[in-house]
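> Here you go, one structure.
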Amino acid sequence: MITIEQYGYRLCFINDNLFTFQPGNKKYLHVYEINIINQQYSKTNQIDVKSDSNSCNYWFPQQYIKSKCLFVNRNERNVNLIKKNQNGQSYHIIIYSI
C-alpha cells in the first residue's frame, strides 16, 4: 500500500518495477520504484514539469513510449517530454510544447 499526500489524476506504469504519479494541481510528478527486497513501492524521485498554472485535468493520460524510452506528460497546456539521463540515475525534460 502506498500513502500519498494528495489526490492525482495521472498514473503511468513504465514497467513492472517503475511507475509515475501526477499529483493534482502540481508542477511536478513522482517516480515510484519497487524495492526488490521487501516488494514495496516507494517514491524515489520528483520531477519538475512545466505548467502555466496550478490546475490540471485528467483528459490526457501520461504515456510511456517504450521504443523511444520517452515519457510524455501533459500538464495544463504544456507537453513535457521526459527521458532518463545516460547514467540512468536522473531524469530531465528535453522539450516543452504549448
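Readers should treat all values here as calculations from the given coordinates under stated rules, not as data from a laboratory. The model shown is predicted, which means the values in this text are computed figures rather than measured ones. Cβ atoms come from the backbone with ideal geometry, glycine included; neighbour counts cover every protein chain shown.
> Test of understanding: what is the full-extension gain from LYS27 to ASP52, defined as 0.36 nm times their sequence separation minus their Cα-Cα distance? Walk me through the numbers on the way to the answer.
Working: separation 25, 0.36 × 25 = 9.00 nm, distance 0.89 nm.
This chain segment gains 8.1 nm when fully extended.
> How much net charge surrounds ASN78 when only other residues with a Cβ under 15 Å from its Cβ are counted (Lys, Arg +1; Asp, Glu -1)?
On the way: positive: ARG10, LYS26, LYS27, LYS50, ARG74, ARG77; negative: ASP48, ASP52, GLU76.
With Lys, Arg at +1 and Asp, Glu at -1, the neighbours total +3.
> Could you please report the charge total around PHE19, scoring K, R as +1 and D, E as -1 over all other residues with beta-carbon less than 15 angstrom from its beta-carbon? Walk me through the numbers on the way to the answer.
Details: positive: ARG10, LYS43, LYS66, LYS84; negative: ASP16, GLU33.
So the environment of PHE19 carries a net charge of +2.
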